[in-house]
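Below is one structure, written out as structure tokens, with a few remarks after it.
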Amino acid sequence: MSNGRDRLRELLDAVLDEDNTTLGQMAAGAFSSPFHFARQFSRGTGESPVSLRRRVLLERACWRLGGGAAVTEVAFAAGYDSVEGFSRAYTRAFGHPPSATPPATGRTPRWLPSVNGIHFHPPMSLWVEGEPKGRSDMDPTALLLHHDLDDTRLLLKTAAGLTEEQYRRTRLAGATVLEWDGPEESIAAVLDHLIRTKEVWLASIEGADHPVRGGDDLPSLMARLDDIGPRWLDTVREIDRRGGWGDTLIDALCEPPESFVLGSVIAHVLTYSAYRRQQARYWIRGASPDDDTVGWGDPIDWLRRRD
């Protein structure tokens, strides 16, 4: 972006004006119709006005929470009508609830995945990473990490509509995804392995003991996901922050110990998570063919719903 005032800067100012909470108000602030405003803005940033405003305000909320601000105060400042609505949106975005936001250290940007490099910069301005290049600049790793956790949560919620027999029935005798993980013959087993693989790899990365295996009933799986999800995202963010994708992990949990490149570990987890999610989805749909809640697991549809 140039240092002088240009049309895109005016559009951004209209979006982030504290008084412009709707598309109509944003457009009026830029002296444009809502249709032409939205089209110009999306063409210039690769993101809708409402989506960018919501994301930047969530980034500001994270910064304020890290500085010790109260959740209620931050929620209403971010434009939410209730603390509950803010908490749900914040947890989906950052992988942990507002109350679990760590104190600000001044070292790590509290930014969400962006298609254009435009982010919140305190106290209420913007930071642009390089030159915006549209959707080719989207970080697929970050999107896939968030999609994996959100899609797993959707599968757990949908599986709650199954009977215990449907949930635990052997669907394919001897079905094995990875030899060392053992058979995954039921919906219960596949969902358990979806979460277990992150628990084990995170323990390896942290140098912790082999984690005790939790229950595979749905409430236990949801609790395990709530625990591992934020920690998994924070760990990957830290690897990315320090440029550690090529670092070598010596996994003492293997017998004998093995070495792995960290980037390949994340790729491994995402690859087999995608396969397991689709396997679970196929079996859940077969058990309840009249319920389309489970969807198709498409990251494109997921990203559109988030916008």
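The values are calculated or read from the model by the stated rules, or taken from the named source; none is laboratory data. Keep in mind that what you see is a predicted model, and the values were worked out from it rather than measured. Every residue, glycine among them, receives a Cβ derived from its backbone with ideal geometry; neighbour counts consider all protein chains shown.
Observations on the structure shown:
- With respect to the conditions (1) of a type in the set (S, T, N, Q); (2) part of a helix (DSSP H, G or I); (3) farther than 23 Å from Leu145 by Cβ, Thr158 lacks only one, and its number is (3).
- Any helices (runs of 4 or more DSSP H) falling wholly within segment 1-94 and containing at least 1 residues that are within 21 Å of Arg110 (Cβ to Cβ), of a type in the set (Val, Ile, Thr) and under 23 Å from the mean Cα position of the chain (by Cα): 34-45, 49-66, 71-77, 83-94
- With respect to (1) outside any helix (DSSP H, G or I); (2) farther than 30 Å from Pro113 by Cβ, the lone exception for Glu165 is condition (1).
- For segment 179-207, a residue qualifies if it is more than 23 Å from the chain's Cα centre (by Cα) and surrounded by 13 or more Cβ atoms within 10 Å (Cβ to Cβ), and the qualifying residues are Asp181, Pro183, Glu184, Glu185, Ser186, Ile187, Ala188, Ala189.
- Looking across segment 20-52, the residues that are in contact with a Gly (Cβ under 6 Å, 6 or more places away or on another chain) and crowded, with 19+ Cβ neighbours inside 10 Å come down to Asn20, Gly46.
- Residues in segment 187-227 that are outside any helix (DSSP H, G or I), small (Gly, Ala, Ser) and touching a residue at least 40 places away in the same chain (Cβ under 8 Å): Gly207 only.
- In segment 273-307, the residue that is surrounded by the most Cβ atoms within 10 Å (Cβ to Cβ) out of those that are in contact (Cβ under 8 Å) with a residue 40 or more places away in the chain and charged (D, E, K, R) is Arg276.
- Checklist (1) modelled with pLDDT under 95; (2) part of a loop (DSSP other than H, G, I, E, B) applied to His119, failing item: (2)
- Residues considered: Glu206, Glu199. Of these, the only one that is among the acidic types (Asp, Glu), farther than 17 Å from Thr141 by Cα and modelled with pLDDT under 85 is Glu206.
- Scanning segment 55-85 for residues that are surrounded by 20 or more Cβ atoms within 10 Å (Cβ to Cβ), closer than 23 Å to Phe35 by Cβ and out of contact with any Phe, Trp or Tyr (no Cβ under 6 Å at 6 or more places or on another chain) yields a count of 1.
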